[in-house]
Each structure stands twice: as C-alpha cells, then as structure tokens.
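The structure appears below as structure tokens.
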Amino acid sequence: MLELTVNLDERSYPIYIGPSILQQTGLLLEHIGDCRPIIITNDTIAPLYLDNVMALLAEVNPLSFIIPDGEQFKSLEWFEKISAFLLENNCGRDTCLIALGGGVVGDLTGFVAACYQRGVPFIQVPTTLLSQVDSSVGGKTAVNHPLGKNMIGAFYQPQAVFIDTESLHTLPTREFAAGMAEVIKYGLIYDTELFRFLENNLKQLKALDEEILQHVIYRCCEIKALIVAEDEKEAGLRALLNLGHTFAHAIEAQMGYGKWLHGEAVATGMVLAAKLAHTRGDLTAQQVTRICDLITRYDLPTNIPENMTSEQFLHHMRKDKKNKKGTIRFILPTKFGQCALVDDVSDQHVRDLIEQ
Ligand code: NAD
Ligand code: GLY
C-alpha cells in the first residue's frame with residue numbers, strides 16, 4: 001500500500017492507494033473514529049461493493065443510501081433526499097459520510113457533508129480512475145443546477161481518501177479511458193516524466209498492471225496534493241488543473257451532459273489547447289502531434305464534435321467560471337510539461353482554431 005498526505009495544516013489528510021484497501025477494516029475504522037458511518041453510493045456500485053464495505057464496518061452499525069446512477073442525480077433534489085434520510089435516522093454531528101463511487105457520488109456526498117448540520121466528516125472511496133486521480137482529492141464538492149454544472153458547491157476536505165485499485169477491474173473501458181485524460185493532463189501541466197511513462201507503459205496500464213497503476217495514481221495524487229496545498233481555493237495555481245476544460249465544458253454543454261464523458265471532452269480540449277499554444281509559438285508542431293498521439297493511443301477523441309461551430313464554443317465559454325470581466329481565460333501550455341493561465345486569446349483566434 002502507498003500513502004501520501006494532502007498538507008492543509010489542521011485539515012491535512014491521508015490518501016491510501018493499493019489493492020484490497022477496502023479489506024483493511026482497521027484503517028477505515030480508525031478514520032471513522034466515534035462517528036456513525038453512512039455510506040452513500042449508487043445502484044451500479046452497490047451490487048459490486050456495498051456489502052463488502054457494510055461488512056467491514058458492521059461493528060459500528062453503518063447505514064447506506066443508494067442514489068440512481070447518473071450525472072443528473074448530482075442535484076439539489078438528491079442533496080435534499082440524502083439530508084432527509086440523515087434527519088429521519090437521527091444523524092447528528094457525530095456522523096461520518098462515506099462516498100463510495102465515482103465523481104458524481106463523491107461530489108454530491110461531499111456537498112451534503114459540507115452542509116449537513118453545518119458540516120460533518122466524510123471519507124472518499126473513489127471507484128473510477130477519474131475520481132481516484134482527481135475528484136476525490138482536493139475538496140471540491142458540488143451539485144449541478146439546471147443553469148450550469150457544479151454551480152452550487154463548497155470547498156470541503158475529506159478526512160481520508162481510500163483508493164482501492166482493484167475496483168478498477170469492474171470499471172467499463174470507456175470510463176477507464178476517460179480517467180486517462182485527466183492522467184495525461186497531469187503530464188502536460190506538471191510532469192514530462194509522467195507523460196513519457198504513459199507513452200512507454202500503455203499496454204501495462206490498459207491491462208491494469210498493479211505496480212504501474214499504483215505508480216501512476218500515486219504520482220497524479222501527489223501532483224494534485226502539491227497544487228491543492230499551495231492554492232486550496234483556486235486563487236491561481238489550482239486553475240492549471242483546468243487544462244482543456246474550457247473547451248471541454250463547452251463540448252459537454254453543447255452535446256448534452258453524458259453524451260460525451262467529461263474525460264473525453266477534456267481530451268479534445270487538451271488537443272485544442274495544444275494547437276492554440278502552437279499558434280502562439282509555445283509548442284512545436286511535433287509536440288502537438290506527440291500529445292495527439294498519446295491521447296489517441298488511450299482511446300480518446302482528438303476531434304471536436306461534428307457540426308459544433310465556433311459560435312457555439314464561444315457561447316458556452318463565455319459562461320466559464322474562470323472568466324474575469326467578460327474575458328474568456330484559458331489554461332494553455334507555455335512549453336511541453338508546463339502551463340499558464342492566459343487572458344489574451346481573442347474570439348477571432350478561437351474561431352480560426354475551431355474552423356481549421
Ligand atoms: P461517475 O461518477 O458518473 O462514474 C462513471 C460511471 O462508472 C458510472 O456509471 C458509475 O456508476 C460507474 N462506476 C463507478 N465505479 C465503478 C466501478 N468500480 N465498476 C463499475 N462501474 C463503476 O463519473 P466520474 O467520471 O467518476 O466523475 C465525473 C464527475 O466528477 C462529474 O460530475 C464531474 O463534474 C466530477 N468531477 C469533480 C472534480 C472535483 O474536483 N470535485 C474533478 C473532476 C470531475
Ligand atoms: N478538478 C480540478 C480541481 O480539483 O481543481
């Protein structure tokens with residue numbers, strides 16, 4: 001088992017990574033302490049893993065709440081249903097919520113934990129690659145609003161993150177690929193060595209080789225932990241984690257959430273960001289090709305949706321959370337393995353890029 005810490009003074013917490021993490025009763029119980037555990041999961045993950053986690057926690061009388069599977073349930077409606085369940089079961093401040101699932105379950109559970117009785121502890125048990133390398137770490141919690149994704153939320157850190165690498169064995173391959181987009185992102189914003197590692201270990205990663213997988217997940221969590229420790233509330237540095245996301249959010253919104261997986265949209269968004277960086281003289285054509293090749297080799301898209309116009313991109317990007325005073329701001333590579341927030345990309349520049 002590997003372990004690292006997200007350093008946030010009194011709110012610091014450990015991340016445990018390895019196979020069979022969910023068999024380690026003692027460790028999970030240690031983090032639950034004197035609290036009553038309530039496991040929140042969905043109806044896809046429950047038949048796979050819920051019994052196991054309930055059994056681990058049997059001595060502290062856990063309860064569980066199962067939501068339907070889907071991004072549309074990361075909503076105020078389901079926030080309210082979980083809150084009602086907690087109230088009906090007389091859950092007090094000595095409650096510990098356990099998010100067992102992907103980013104949808106993690107974001108929703110974390111937001112309930114942030115708000116219920118003004119905050120109760122919660123533990124992340126991420127079961128998708130995307131949630132293991134990104135959403136379970138760093139304390140961004142949220143629900144969607146009909147007018148925008150993740151628009152209602154809070155920064156609220158978990159007590160611990162338990163990453164069981166074996167849970168990836170039941171994850172659909174398309175979801176695994178979507179998680180790889182976020183992994184590739186870390187290589188592009190921070191770590192050319194990781195990027196090269198992904199190029200050289202593709203077969204092993206796709207085959208879920210335990211050692212390679214642990215190494216990659218550990219490195220991603222380590223980078224994210226460093227960034228979050230430096231800039232928890234996204235005043236600057238943390239925004240780099242949004243490489244490709246400005247374009248991605250536009251694709252997701254235009255296509256309807258769920259049609260393109262978030263990671264798929266991020267993959268195409270990173271290609272667009274790389275091409276934009278090339279036109280600014282910051283990446284060579286060969287480097288852009290290298291990025292496209294890796295994304296393609298991990299079974300991710302590099303082309304924008306057919307028929308999506310530059311005006312549609314601009315329309316959605318004008319609502320991006322990073323914008324300031326009406327200016328669309330992008331995270332772009334400034335060289336291979338390094339990125340920056342830029343605010344001098346004109347609408348015409350975006351039109352040229354999309355129409356290319
Ligand atoms: P998800 O939670 O919808 O999970 C994807 C699918 O995989 C679902 O059908 C789920 O039921 C299934 N699944 C999960 N684990 C499984 C397993 N081990 N075996 C079989 N099936 C499994 O999607 P996601 O990609 O994990 O997360 C996307 C969400 O995360 C979005 O809502 C996004 O906004 C959010 N997000 C949050 C952050 C953050 O910092 N908080 C970062 C990135 C993304
Ligand atoms: N997923 C981006 C962040 O956590 O900031």
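Can you tell me which of Gly179, Gly26, Gly139 moves the most in a GNM of the chain? Springs connect C-alpha atoms under 10 Å apart.
Comparing Gly179, Gly26, Gly139 in the GNM, the peak value goes to Gly26.
Anything over 28 Å Cα to Cα? Flag those among Lys81/Lys149; Lys259/Lys321; Lys74/Lys275; Lys203/Lys321; Lys81/Lys259; Lys185/Lys324, in the order listed.
Values: Lys81/Lys149 19 Å; Lys259/Lys321 22 Å; Lys74/Lys275 33 Å; Lys203/Lys321 37 Å; Lys81/Lys259 26 Å; Lys185/Lys324 24 Å.
The pairs that break the limit, which is 28 Å between Cα atoms, are Lys74/Lys275; Lys203/Lys321.
What residues have an amide H closer than 5 Å to that of Asn323, excluding those fewer than 5 places away on the same chain, when H is modeled at 1.01 Å from N in the peptide plane?
Long-range HN contacts for Asn323: Arg329.
Send over the Kirkwood Rh of the range 31-95, from the inverse of the averaged 1/r over different Cα pairs, rounded to one decimal Å.
12.7 Å is the Kirkwood radius here.
Rounded, prolate or oblate: which one fits the range 297-337, using the alpha carbon gyration tensor with axes a ≥ b ≥ c (rounded when a/c is under 1.5, else prolate when a/b beats b/c, else oblate)? The partial results should precede the final answer.
Working: a/c = 2.85, a/b = 1.21, b/c = 2.35.
Cα axes put the range 297-337 in the oblate bin.
Show that you can apply the helix-only estimate: for the chain, add -39,500 (n - 2.57) for every DSSP H stretch of four or more residues, divide by all residues, and state [θ] at 222 nm to the nearest 500. Walk me through the numbers on the way to the answer.
Details: 13 runs with 152 residues, N = 356.
Counting only the DSSP helices, I get -13000 deg cm²/dmol.
Can you list the HN-Hα couplings for the range 223-232, worked out from phi with the Karplus curve (6.51, -1.76, 1.60; θ = phi - 60°), rounded to whole Hz and with x for Gly and Pro?
Each residue's phi maps through the Karplus curve to give 5, 4, 4, 4, 5, 5, 4, 7, 8, 4 Hz.
Answer rounded, prolate or oblate for the range 82-220, using the Cα gyration tensor with square roots of eigenvalues a ≥ b ≥ c: rounded when a/c is under 1.5, else prolate when a/b is larger than b/c, else oblate. Display every interim value, and only then the final one.
Values: a/c = 2.42, a/b = 2.03, b/c = 1.19.
Cα axes put the range 82-220 in the prolate bin.
Provide, in order from the shortest bin, the percent of all Cα-Cα pairs of the chain in each 20 Å bin, continuing until the bin that contains the maximum pair distance.
31, 58, 11, 0
Below 8 Å between Cα atoms, with a sequence gap of 6+, how large is the relative contact order for the chain in percent? Please report the intermediate quantities before stating the final value.
On the way: 633 pairs, mean separation 52.2, N = 356.
The value is 15 percent.
Tabulate in residue order the Karplus-calculated ³J(HN,Hα) for the range 157-163, using 6.51 cos²θ - 1.76 cosθ + 1.60 with θ = phi - 60°, rounded to whole Hz; enter x for Gly and Pro.
With the stated coefficients, the range 157-163 comes to 7, x, 7, 6, 10, 10, 9 Hz.
How big is the convex hull of the Cα atoms of the range 76-159, per residue, in Å³?
Details: hull volume 6.7 nm³, N = 84.
Taking only Cα atoms, the range 76-159 has a hull volume of 80 Å³ per residue.
Take the range 286-356, drop everything but the C-alpha atoms, weight them equally and run the Debye formula without solvent; then report log10 I(q)/I(0) at 0.11, 0.16, 0.20, 0.25 Å⁻¹ to two decimals.
Here the Debye-derived log intensity ratios amount to -0.34, -0.73, -1.08, -1.26.
Could you list, by residue number, the cysteines of the chain that have no other cysteine's beta carbon within less than 4.7 Å of their beta carbon?
By the Cβ distance rule, which asks for a partner under 4.7 Å, the isolated cysteines are Cys91, Cys115, Cys220, Cys221, Cys292, Cys339.
Please compute the contact order of the range 121-226 in relative form: average sequence separation of alpha-carbon pairs under 8 Å and at least six residues apart, divided by the residue count, as a percent. If you can, show how the numbers build up before the last one.
On the way: 125 pairs, mean separation 33.7, N = 106.
Here the relative contact order equals 32 percent.
What does the C-alpha gyration tensor say about the overall shape of the range 214-356? Classify as rounded when a/c is under 1.5, otherwise prolate if a/b is larger than b/c, or oblate. If you can, show how the numbers build up before the last one.
Details: a/c = 1.34, a/b = 1.19, b/c = 1.12.
The shape class here is rounded.
The range 71-113: percent of C-alpha pairs farther apart than 18 Å?
Numbers: 207 of 903 pairs.
Of all Cα-Cα distances in the range 71-113, 23 percent exceed 18 Å.
For the range 1-48, just the Cα atoms, rotate onto the principal axes and tell me the three extents in Å, largest first.
Reported extents, whole Å, longest axis first: 37, 25, 19.
Quick one: 3J(HN,Hα) in Hz for the range 29-39, Karplus 6.51/-1.76/1.60 with θ = phi - 60°, rounded, Gly and Pro as x.
Working through the residues one at a time gives 4, 4, 6, 7, x, 8, 7, 9, x, 10, 8 Hz.
Hey, what angle do you get for helix 76-88 against the long axis of the chain, alpha-carbon based, 0 to 90 degrees rounded to 10?
Relative to the chain, helix 76-88 is tipped by roughly 10 degrees.
Each reported figure results from applying straightforward, stated rules to the coordinates on display, with no laboratory input. Not measured: the values here are computed from a predicted model. For neighbour counting, all protein chains shown are included, and Cβ atoms are generated from backbone atoms with ideal geometry for every residue, glycine included.
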